[in-house]
1. Please state the shape class of the range 325-450: rounded when a/c is under 1.5, otherwise prolate if a/b exceeds b/c and oblate if not, all from the C-alpha gyration tensor.
2. Can you list the residues of the range 1-43 with backbone N under 13 Å from a point 7 Å past the Cα of Glu424, pointing along Cα to Cβ?
3. When the Karplus curve 6.51 cos²θ - 1.76 cosθ + 1.60 is applied with θ = phi - 60°, which whole-Hz ³J(HN,Hα) does each residue of the range 59-71 get, with x for Gly and Pro?
4. Give the whole-number value, in cubic angstrom per residue, of the convex hull volume spanned by the C-alpha atoms of the chain.
5. Rolling a 1.4 angstrom probe over the protein chains, ignoring ligands and nucleic acids, what is the accessible area of Asp303 in square angstrom, nearest 10?
6. Give the shape of the range 371-430 as rounded, prolate or oblate, defined through the alpha-carbon gyration tensor: a ≥ b ≥ c are the square roots of its eigenvalues, a/c under 1.5 means rounded, and otherwise the shape is prolate if a/b is larger than b/c and oblate if not.
7. Over the chain, what percent of the accessible surface lies on carbon and sulfur atoms, probe 1.4 Å?
8. Only bridges whose two residues both fall in the chain count here: according to DSSP, what percent of them are antiparallel, nearest 5?
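The values are calculated or read from the model by the stated rules, or taken from the named source; none is laboratory data. Just so it is clear, the structure is predicted and the values come from calculations on it, not from any experiment. Glycine also receives a Cβ, built like all others from the backbone with ideal geometry; neighbour counts cover every protein chain displayed. Just the protein is used for accessible areas: all its heavy atoms, side chains included, with ligands, DNA and RNA removed. Shrake-Rupley method; radii C 1.70, N 1.55, O 1.52, S 1.80 Å.
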Amino acid sequence: MDMFIVRGGERLSGSVSVSGAKNSALPLMAAAMACEGETTLYSIPDLVDVKTQSQVLGSLGMDVNRDPDGALRLKTVDETSCIADYELVRRMRASVCVLGPLLAKRRMACVSLPGGCNIGDRPIDLHLKGLSALGAQIRVDRGYVIARADRLRGANIFLGGAFGSTVTGTCNVMVAAALAKGTTTIESAACEPEVVDVGNFLNAAGAKIDGLGTPFLTIEGVEQLNGVKHEVIPDRIEAATLMIAAAITGGDVCLKEVRPDHITAVIEKLREIGVTVQLAFPDQPAKKQSVTVRVTQPLRSVDCIALPYPGIPTDVQAQLMSLLACVPGISIVTDKVFPDRFMHASELARMGVNIRRESASAILNGVSRLSGACVMASDLRASAALVLAGLAAEGETVIRRIYHLDRGYECLEEKLISLGAHVERVRDEPQNMPDSLKLTDGESRPSYSELLDALTGPHWNQSVSQQNTESVTASQDPADED
Ligand code: EPZ
């Protein structure tokens, strides 16, 4: 297993291109299963999750190949299998996106239930509600969703849940309805750009979907969908992560191949914090657009709330928290999509910021400078947030379990290094721990007073020991999300 050693303090500068969107690529690859013939997808990022989805589709009789130029070709060669196995699905929740295409095309599906993860409860009741409304008989048995349908038929479906709509649920029901008999309406559909990208792909493949990007979709079922060539949209979450990397280091960075209109809420929030964000060629295709991020004044503490699109994405909440951790003053970060998505908070606290959790919020008392520490990544976006915090911190930060990062960011460390960051990927072994974070020879665990002596010397003892003797405990072990 690898870990990152990040040396903080470098102002990032230069330009970097944004990769294709993970959260569009995964449902798009599944949607290709509903098409006759070959589908070719361009700008599909080289990620662990894309490899896992290729394996899931491979186990369902699809040929998935990547050309030397990076294009992904997908073609169904065998329609007999309809089982998406637990061993694959447990590794990546987005594999649940095969449910709709399997039902629509093969009339039956047996897909492992994805189960929970570190960012909170992840039920799929809305997916199942939508597919049952289209006429599928569905039951859950021994951890698998077992579904079958002679021919799906159009229906009026409300897809709203306690936390708004569902992104992959809308994709699943949209693909199924595209091949259903008759017309379907989906109310409270997700409006995320990734859903629109999948809808545009389906319409190019012959579907009749209206209202994409709005909460109300009308889908007139067709007999067949045919494979097409499709370019996936840029990754707005990666773009936001790189913009915050520039802001947190007081840098000057230009992002290329980006769709700023997909991250308006993030851009507005960064401007509210005091970051300068300039857009270039906003009316041109993504390939020509760019966003420049600069810090030219002291930053302000603010409150921010993660919401369904077009609000601030929950997938950027942790990265924004890292930025606000470096801004003196009180900031409140709330997540209305995944109210428990705060595993990164206790890790940021190890870097010296005071954070208090209050139900779906975290209240931060930002500091002018974080201190390097050894921290643990718990999920994809939390790991990105810890890398950003490390870039701003004093000294070295070690981020363990960065396999989470590899699942959803294409070459993040190379991109950061190209902007001037000090990020090193090493094996997670004791001898690789930087001296600055080594408090002893690594053999014996230090006693409490030895720790204090090593860190602060005698004058510290008095004040700290009264307040928080029990605070020096390592954070617990979480297991995967997406
Ligand atoms: C997608 O997950 C993304 N994943 C997530 O990104 C993202 O955080 C999430 O949308 C929200 O934007 C992919 O696209 C692969 P939801 P998804 O169904 O579709 C509740 C990342 O970091 N809900 O929109 O699984 C649910 O618990 C990942 O890249 C139900 O109650 O999310 C949550 O609170 C993490 N019942 C809310 O709705 C359901 O049937 C939104 O979930 C489905 C969801």
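1. It comes out oblate by the Cα gyration axes.
2. 3-8, by backbone N distance to the label point.
3. 6, 9, x, 10, 8, 10, 10, 9, 6, x, 7, x, 5
4. It comes to 144 Å³ per residue, whole-number rounded.
5. 80
6. Rounded is the answer for the range 371-430, as its axis ratio a/c remains below 1.5.
7. The computed percentage sits at 51.
8. The antiparallel fraction comes to roughly 75 percent.
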